[in-house]
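**Student:** I am attaching a structure below and will ask some questions about it afterwards.
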Amino acid sequence: MLLSLRKTLPALALLLASSALTGCASAKGAVNLRDFTATPEAAAPERIGPGDLLALRVWNTEQMTSRQRVRPDGTVVMFFMDSLPVAGLTTAAVATEITRRLEGVFVAPRVSVVIEESAASTVTLLGEVRRPGTYQVTRPMTVLEALALGAGLSEYARPSRIFILREGTPRVRVRVRYEELLRGDDRARGLLVRAGDMVVVE
């Protein structure tokens with residue numbers, strides 16, 4: 001029993017220290033939901049990665065329409081076309097490239113590209129949620145949906161101190177109140193948790 005405690009205490013201390021630091025960092029520089037306006041960087045379109053499931057469609061040309069996973073080398077293959085590098089690009093950029101390649105084959109081709117599933121994308125929940133951890137997600141979600149991944153707020157949570165943290169330029173720190181989420185006003189519905197975000201509940 002004593003040996004078990006000796007092994008457990010250092011890890012527990014590290015976890016508590018990390019939680020304390022995260023709690024301090026979450027409030028620093030945070031803006032309230034009512035004052036938050038998404039910046040172009042925060043609203044940047046999602047980029048395609050290996051393992052993503054894409055829906056590729058050329059309108060009025062069924063043989064060019066497909067659903068496929070991006071290969072580990074970051075490419076996909078379409079009918080009548082060589083392998084197409086897509087990893088790291090936006091769906092709009094891929095649609096533009098496919099259109100360019102088809103212009104000599106079809107008259108005024110119309111192309112759409114959609115990420116149906118995003119592979120290995122995660123959201124991290126920390127602090128006073130019932131099941132803190134890192135969760136794989138396939139799409140942006142509301143804050144309530146993100147909290148539900150961690151089984152909701154714990155009994156010790158402070159509902160007025162929920163923070164969405166997003167790295168980038170600039171960094172995003174948004175403070176949300178649980179009552180705002182429950183009311184479901186436009187700003188609360190419009191604040192989406194994306195892959196890579198961290199949700200901290202104090």
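The values are calculated or read from the model by the stated rules, or taken from the named source; none is laboratory data. Since the structure is predicted, the reported quantities are computational estimates derived from the model, not experimental observations. Note that each Cβ is placed from the backbone with ideal geometry, even for glycine, and that neighbours are counted across all protein chains shown.
**Student:** Looking only at region 32-62, filter to residues that are more than 30 Å from P72 (Cβ to Cβ), out of contact with any strand residue (DSSP E or B) (no Cβ under 7 Å at 6 or more places or on another chain) and not polar (S, T, N, Q); which one of those is modelled with the highest pLDDT? Even if it seems obvious, please write down each step before you answer.
**Tutor:** Keep residues of region 32-62 that are more than 30 Å from P72 (Cβ to Cβ), which gives 32-40, 60.
When the remaining residues are screened for being out of contact with any strand residue (DSSP E or B) (no Cβ under 7 Å at 6 or more places or on another chain), the result is 34-35, 37-40, 60.
From what's left, not polar (S, T, N, Q): 34-35, 38, 40.
On the way: R34: 65, D35: 58, A38: 55, P40: 43.
For region 32-62, the residue satisfying everything is R34.
**Student:** Let me ask another. Could you tell me which residue of region 148-202 is surrounded by the most Cβ atoms within 10 Å (Cβ to Cβ), considering only residues that are among the aromatic types (F, W, Y) and within 18 Å of G133 (Cβ to Cβ)? Reasoning before the result, please.
**Tutor:** Initially, region 148-202 is screened for residues among the aromatic types (F, W, Y), giving 156, 163, 178.
Then keep just the ones that are within 18 Å of G133 (Cβ to Cβ); that gives 156, 163.
Details: Y156: 9, F163: 23.
Ranking the candidates gives F163 first.
**Student:** In region 138-146, is there at least one residue being surrounded by fewer than 17 Cβ atoms within 10 Å (Cβ to Cβ), modelled with pLDDT of 85 or more and over 17 Å from the mean Cα position of the chain (by Cα)?
**Tutor:** No.
**Student:** Go through region 94-111 and give me each residue that's closer than 22 Å to T75 by Cα, surrounded by 15 or more Cβ atoms within 10 Å (Cβ to Cβ) and touching a residue at least 24 places away in the same chain (Cβ under 8 Å).
**Tutor:** V94, I98, L102, P109, V111
**Student:** How many residues does region 153-181 contain that are over 11 Å from V200 (Cβ atoms), assigned to a strand (DSSP E or B) and more than 17 Å from the chain's Cα centre (by Cα)?
**Tutor:** Total meeting the criteria: 1.
**Student:** In region 116-129, which residues are surrounded by fewer than 21 Cβ atoms within 10 Å (Cβ to Cβ) and either more than 21 Å from V143 (Cβ to Cβ) or among the acidic types (D, E) (or both)?
**Tutor:** E116, E117, A119, A120
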